[in-house]
Amino acid sequence: MTTTERRVGRAPLTRERVLLAAMHIADADGIGTLTMRSLADTLAVKPMAIYHHMTNKEQILDGIVDLVFAEIVQPPIDAPWRAALASRAASVREVLGRHPWTIGLMESRRAPGPATLRHHETVIALLRNAGFTHAAIAHAIAFLDAYVYGFALQEVSLPFEGPDDVPELAEEILAQMPADEYPNFVEFAREHVLQPGYDFGNEFDIGLGMVLDGIAGLEGAAPSITRSGRSPDRTSKRTNTSPDR
């Protein structure tokens with residue numbers, strides 16, 4: 001059960017109850033509908049009652065973003081880094097699918113909560129244990145999050161609900177498109193998008209693999225000595241930059 005599935009019943013007003021109600025409003029109608037008035041109406045209290053628990057709306061946003069981070073599955077810090085990052089990316093995508101309003105807020109908070117901080121601490125520890133330098137960790141996190149957040153945003157913005165809706169929508173768009181002016185677009189739609197089994201969501205794992213390949217190739221991703229003091233296997237990499245004789 002996710003946090004948004006918990007009932008916000010008629011119970012004494014608490015910080016947790018305020019945040020759960022705020023998340024429910026954002027999930028149901030979008031973050032733009034979250035106001036002190038709408039929150040008070042949902043909780044069946046006067047707006048001033050909320051201020052006994054939350055100073056302002058920014059504090060509420062900090063709190064509900066932290067609730068979202070708490071839903072992301074954290075990989076063990078001693079797990080193989082590639083599998084761990086793939087698992088974490090899949091969890092982030094799933095969570096953002098439940099709370100799409102969060103995409104623009106995940107990295108915006110000036111007062112991150114404990115779940116947010118634990119999340120970042122875990123990812124950094126995972127990569128440090130794998131032997132990444134601090135610079136490589138910064139590159140890897142920025143690269144991976146840009147992909148996952150971007151894909152999640154694109155996914156929730158698509159003009160269809162699921163794969164079953166694609167053929168009808170594609171045919172509707174193609175009917176308005178002169179094939180002689182956009183031959184490659186039309187061919188792509190006919191030969192790929194309209195083929196049985198097409199699902200835009202399947203692109204996630206393909207792109208994620210490309211991102212993880214890029215992270216593996218970062219300078220500093222595999223330093224000569226790991227934190228455990230052992231040298232990684234570099235038999236597949238050239239150590240002599242001179243040309244072949």
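What follows draws every value from the coordinates through simple rules; no lab data is involved. Not measured: the values here are computed from a predicted model. When we count neighbours, we look across all protein chains shown, and the Cβ atoms used for this are built from the backbone with ideal geometry, even at glycine.
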If we count every other residue with Cβ under 13 angstrom of E203's Cβ, Lys/Arg +1 and Asp/Glu -1, where does the sum land? -2
Considering only A142, A125, F204, whose Cα is most displaced toward the positive end of the charge dipole of the chain, charges sitting on Cβ of Lys, Arg (+1) and Asp, Glu (-1)? A125
Express the C-alpha Rg of the stretch 91-225 as a ratio against the empirical globular expectation 2.2 N^0.38 Å, rounded to two decimals. 1.37
One finds, for H53 and E107 with R0 = 22 angstrom and r their Cβ-Cβ distance, a FRET efficiency to the nearest 0.05 of 0.30
How large is the convex hull of the C-alpha atoms of the chain per residue, in Å³? 204
Run the simple label-point estimate for A138 and E219 please: 7 Å along Cα→C-beta, distance reported in nm. 1.4
I want the local charge near P100. Using Cβ-Cβ distances under 15 Å, sum +1 for each Lys or Arg and -1 for each Asp or Glu among the other residues. -4
Roughly how many debye, to the nearest 20, is the charge dipole of the stretch 66-115 about its Cα centre, given +1 on each Lys and Arg Cβ, -1 on each Asp and Glu Cβ, and no other charges? 120
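Which of the trypsin sites (Lys or Arg not before Pro) found in the stretch 1-101 are in a DSSP loop and have at most 11 neighbouring Cβ atoms, other than their own, within 10 Å?
Answer by residue number: R7, R10.
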Those helices of the chain passing the 15 Å axial Cα length cut-off and the mean Kyte-Doolittle cut-off of -0.5 (DSSP H runs only) are 15-29, 57-71, 81-98, 114-129, 134-157, 203-216
Listed residues G63, G217, G32, most fluctuating in the chain (Gaussian network, C-alpha, under 10 Å): G32
